[in-house]
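The values are calculated or read from the model by the stated rules, or taken from the named source; none is laboratory data. Treat the numbers as computed from the prediction; the structure is a model and nothing was measured. Using ideal geometry, Cβ is built from the backbone for each residue, glycine included, and neighbour counts are taken over all protein chains shown.
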Amino acid sequence: MPMRASFWFLLLLAPQLLAAKPKQPVAKAQTAPAEPLPTLVSPNKALHLQLGYDPAGALTYTFRAQSKVLLQDSKLGLQQPGALVVPTILRRAVNTVWKPVWGKRALVPDQYNELTLDLKTYKIIARAYNEGIAFRYVYPAGQAPTERTTFAFAGNYTAWYYNGENHNLGPEKLADCAGKRSPVMTVKVDSATYLALHEADLSSGEPLQLQAAKGETIFTIASQPTTSWKVIMYGKTPGDLVDSHLLELLCPPLAKGQDFSWVKPGVALWDWRINGARTENFTYNMSLPSWKRMVDFAATNQLPYLVLDADWYGPEFGKESDPVKGGKVAQVHELIAYGKGKGVGIWLYLNDVGGRNYDLAQTLKRYHDWGAVGIKYGFMSGTPAEKNQRTRLITELCAQNRLLCDFHDGPTHPYGQMRTFPNAVTREYCKAQLDGHQVVQPKTFVTSVFVNMVAGPLDMNNGSASLTQTGRVDNSSPVPSTLAGEAARTLIVFSGATIIPDIPENYQKHPELLRFIAAQKMPWLASKTVQGEIGEYIVMARQAQDKTWLVGAATNEQARELTIPLSFLGKGRYTASLMQDGPQADYRTQHESYTTDTRQVSAMDVIRIKLAPGGGACLLLKQN
């Protein structure tokens, strides 16, 4: 056949040849394994974590509490290439008691059911406690997985979020959220159901960040994957979230043989806000004569600590400020010895500049050798992941040198580490009250205690005894509270170092309120949020080491009357000393008006209190 003819012949035959070409195999969609995954149930049977598969075979979870679905069809696990793996499933149950070195109570039930899904390349460990559920991913070091986790809420609930040194974000409907949010995320489902999202045991990596798209109620994880526990806390009241030790229980316990018996929580005076304050015959500043006056006052009232803030070793941001040789080091040596003779321990401020420009390990060892009891670490620099790593390093070095630690100004959020390192007694995971008159209002306090404080101990610097702050060098504007409210806040805020900011003479003008603050002998034997609503008010009861019960109440800008049942008391009769706002008290006008009353009560009684706008009340209950 001529070449041109053969060309046309093949061209005419092409459609038939193409039609006869064998079809390529079509990839089949992955389907869920036939065997269903189990449900993890809390010890009290109230909480259910149902594990399952979506139609494509990817892992999911649903969370129910009291038979109500709260999160549904949420994604679980890491992106895993290749064929689906049927997991090997392991179960265990734990029922024991944790005895913290210090905390909200002396004994903490540690009871949970656990499920491990071994997926060959990584594991999912899930736990169900009575106070919530948690899960984490365990994968080889060096692996950089992609996380699928979502929190798909079953309704358009209301939420509040941590917001750095500003008033908390919220109340916000979940569907109105557009962008990133920082935990703690506290959620009100209804009047009898509350949740909180956070993480525990962040051993390394970037702290958790959440995000959502407007119009949805599904939150994803915006931060890099870590092996931390993702925690969904549950309570019937917002106070249940505040009282929980769940985050600590998810962290490793003390290693065998570790001794933290030297960790003693308590109230501390603070020198930063005394600077410039005047009495009839003395002007306070940050130097030895003022420090000694404060040590004398602390000793007289059995307050265990004095915190020295910035500039004692030179300008805190000065690269030449040597944290072991500069500034008033000689005065600090004398003060530490003076305090030791009076039974008052001295904390020392260390700025990140000094912490980085000089050998950190040697600096902390020197502070221990001098006899200091703790450090306040300020203005840490770095990315969130770097700050987390450095926070852990400093905490561990402090533990080696028997130093308590407080992290200042935008720290890595607490995530239960006080179980592993009890010397991590507090941090400024909030706006310190005296630094923030432009953002801190009464509503800020009664929001942050249900959001920030769920994460762990806070350094909020409550407890001013003069609300006009005249003569102070720094931030001398009025505190947005009342005297009774200020004293109450020192009890309400959970902290291993309750740092109060005023001069001795101002406390001495108000002996009843001073007695209330001095009675806060830690570690606490028990704690209970008696009443409260997010952004509205809170009533907190704590039992001190000598078995005295203390109650603090605080409100937002709204005046209110509350009835406090005393059912948390033990048997017998108690002498109740009540300090509450006066009839004309108001945080905007009459800051310092309060009344006192004493009566006999028992666990069968109730106490009725009146709170002024922005105010509070204090109750001291001593058994007869």
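Mind checking which residues of segment 303-356 are of a type outside the set (Gly, Ala, Ser), within 30 Å of the chain's Cα centre (by Cα) and either in a helix (DSSP H, G or I) or not assigned by TED's automatic domain parsing to the domain that holds Ile503 (or both)?
Asp352, Val353, Arg356
I'd like the residue in segment 493-548 that is acidic (Asp, Glu) and over 21 Å from the mean Cα position of the chain (by Cα) and, out of all such residues, is nearest to Phe445 (Cα to Cα). I'd like the intermediate steps shown before the answer.
Here is the first cut: in segment 493-548, the ones acidic (Asp, Glu) are 502, 505, 512, 533, 536, 546.
Now drop any that are not over 21 Å from the mean Cα position of the chain (by Cα), which leaves 502, 505, 512, 546.
Details: Asp502: 19, Glu505: 26, Glu512: 23, Asp546: 28 Å.
Here the answer is Asp502.
Select from segment 375-398 the residues that are among the small types (Gly, Ala, Ser) and under 20 Å from the mean Cα position of the chain (by Cα) and write down the one among them that is nearest to Ala330 (Cα to Cα). Reasoning before the result, please.
Let us first name the residues in segment 375-398 that are among the small types (Gly, Ala, Ser), namely 378, 381-382, 385.
Within this subset, residues satisfying the condition of being under 20 Å from the mean Cα position of the chain (by Cα) are 378, 385.
Details: Gly378: 22, Ala385: 37 Å.
Ranking the candidates gives Gly378 first.
Under 9 Å between Cβ atoms, at least 6 apart or on separate chains: pull out the pairs that start in segment 343-358 with a residue that is closer than 16 Å to Trp270 by Cβ and end on any residue that is surrounded by 22 or more Cβ atoms within 10 Å (Cβ to Cβ) and among the basic types (Lys, Arg).
Trp347/Lys376; Leu348/Lys376; Tyr349/Lys376; Leu350/Lys376
Yes/no matrix, rows are residues, columns are (1) assigned to a loop (DSSP other than H, G, I, E, B); (2) in contact with a Gly (Cβ under 8 Å, 6 or more places away or on another chain); (3) at pLDDT below 95:
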| site | (1), (2), (3) |
| --- | --- |
| Thr498 | no, yes, no |
| Arg515 | no, no, no |
| Lys521 | yes, yes, no |
| Lys528 | no, yes, no |
| Gln531 | no, yes, no |
| Met540 | no, yes, no |
| Gln545 | yes, no, no |
| Val551 | no, no, no |
| Gln558 | yes, no, no |
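Can you report the number of residues in segment 244-282 which are at pLDDT 95 or above, in a strand (DSSP E or B) and over 26 Å from His413 (Cβ atoms)?
1
Taking the conditions exactly as written (surrounded by fewer than 16 Cβ atoms within 10 Å (Cβ to Cβ) and on the phi < 0 side of the Ramachandran plot), does Lys376 satisfy them or not? Steps first, please.
Values: surrounded by fewer than 16 Cβ atoms within 10 Å (Cβ to Cβ): no; on the phi < 0 side of the Ramachandran plot: yes.
For Lys376, the condition - surrounded by fewer than 16 Cβ atoms within 10 Å (Cβ to Cβ) and on the phi < 0 side of the Ramachandran plot - is not met.
What's the number of the only condition in (1) under 21 Å from the mean Cα position of the chain (by Cα); (2) closer than 30 Å to Met522 by Cα; (3) crowded, with 23+ Cβ neighbours inside 10 Å that Leu208 fails to meet?
Only one criterion in (1) under 21 Å from the mean Cα position of the chain (by Cα); (2) closer than 30 Å to Met522 by Cα; (3) crowded, with 23+ Cβ neighbours inside 10 Å is unmet by Leu208, namely (2).
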